[in-house]
Amino acid sequence: MGRCSFKEKENKKIIVIGGPTACGKSLIAFLIAKEINGEIISADSRLFYREINIGTDKPPLWMRQEIPHHMIDILSIKEDFNIYNFSKMVFNLTEEILKKGKIPLIVGGSGLYLRSLINGIFEISEKSKEKQKEIREFLERKDTEQLYEELKKIDPEAAGRIHPNDRRRIRRAVEVYYLTGRPISLMQKDKPEKTLRDFGEIFYFILSRPREILYRRITERIERMLKEGWIEEVKRLKENGYEKLLREKAPIGYSEILDFLEGKIDKDRMKNLIIKKTKGLARRQLTWFRKENGIWIEVKDEEETAKKIIDILKNGEGLYRGGEQFKK
């Protein structure tokens, strides 16, 4: 593909690329960024943490050296991070990239993070934040089942959207209620302080593949990561005292490998569980993205998909103009 450019008079463009795990988002975003003078911002919560690498399948170093990638390895797994911190950092990065005359590509499978950028999020007052540490310590003493039962009572709408095992999101929703006295589902409907629409015209692409191909790619990726030393990475982290944090914050696979290292399951069971749970994640992601207002593209070939997206960018209009949405 030859490098293309966009006319100076055109609106500033912001590209958002979502889709399920293993559908090829990273490579497609890289190919697009090369052609349109872009920089990539990761919206994948797995990639934020420095300590976990193989099991997160971060874009390879050669790719990151050729095209700037942001929001990767920005935190220790020991640090707290929330969707408000994420949005604030991405808005700042988006503004900086646009000021350089380049195009930001925001890429990831974390649908809630992408939605927070497009639709905005609520902000908790500084006064409420003073109570946050005490509330978090209190909630941390409760197990996930207790927290979920509490969430069902205080915010049934949020409980209906959050998986009963998603401890981090459950705890966050309960924490918000304790901090503000309002359900998180209600606060999310408030008018946001800022969204990506404040910076430019949004093109939101949602990538997918036929389910059997997606599942095959998931299996192949997990087998590759295990060959690359995933078990050894988890063993080293466990020896360095990260076990609790891995079970709480790391993506699918880390807990299963810890169980294998502790003799609770054998190697075949471990691998099959990781594959099964990752396929389940892909299904949930597809369900989430079906509710979003994006341009759906079924991926057959990464280069072909990148060309198709570039054509839309040159000839089409984004999904959000002047604050109004419309579907392609």
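A few notes on this one:
- Among all positions in segment 65-73, there is at least one residue which is among the charged types (D, E, K, R), over 19 Å from Met187 (Cα atoms) and either surrounded by 13 or more Cβ atoms within 10 Å (Cβ to Cβ) or in contact with a Lys or Arg (Cβ under 8 Å, 6 or more places away or on another chain) (or both).
- Enumeration of residues in segment 151-167 that are in a helix (DSSP H, G or I) and in contact (Cβ under 8 Å) with a residue 60 or more places away in the chain: Arg167
- Odd one out for Pro104 among (1) in contact with a strand residue (DSSP E or B) (Cβ under 8 Å, 6 or more places away or on another chain); (2) closer than 25 Å to Lys277 by Cβ; (3) modelled with pLDDT of 95 or more: (2)
- Applying a threshold of 8 Å to beta carbon distances and a minimum spacing of six or more residues, or different chains, the list of pairs starting in segment 300-313 at a residue that is touching a residue at least 24 places away in the same chain (Cβ under 8 Å) and ending at one that is part of a helix (DSSP H, G or I) and not β-branched (Val, Ile, Thr) reads Glu302/Leu27; Glu302/Leu31; Glu303/Leu31; Ala306/Leu31; Ala306/Glu35; Ile310/Glu35.
- Residue-level analysis places Ile170 among those that are touching a Phe, Trp or Tyr at 6+ places or on another chain (Cβ under 6 Å), under 20 Å from Gln285 (Cβ atoms), at pLDDT 85 or above and not in a loop (DSSP other than H, G, I, E, B).
- Residues being surrounded by fewer than 19 Cβ atoms within 10 Å (Cβ to Cβ) and among the small types (Gly, Ala, Ser) - total across segment 74-123: 2
- Selection status of Lys300, out of contact with any Phe, Trp or Tyr (no Cβ under 7 Å at 6 or more places or on another chain) and assigned to a helix (DSSP H, G or I): no
- Residues in segment 181-229 that are closer than 22 Å to Gly111 by Cβ and not in a helix (DSSP H, G or I): 21 in all.
- Summed over segment 50-94, the residues that are closer than 25 Å to Phe199 by Cα and hydroxyl-bearing (Ser, Thr, Tyr) give a count of 3.
- Condition check for Ala33: among the small types (Gly, Ala, Ser), in contact with a Phe, Trp or Tyr (Cβ under 8 Å, 6 or more places away or on another chain) and modelled with pLDDT of 95 or more: no
The values are calculated or read from the model by the stated rules, or taken from the named source; none is laboratory data. Keep in mind it's a predicted model, so treat the numbers as computed, not measured. Cβ sites come from the backbone with ideal geometry, for glycine too, and all protein chains shown count toward neighbours.
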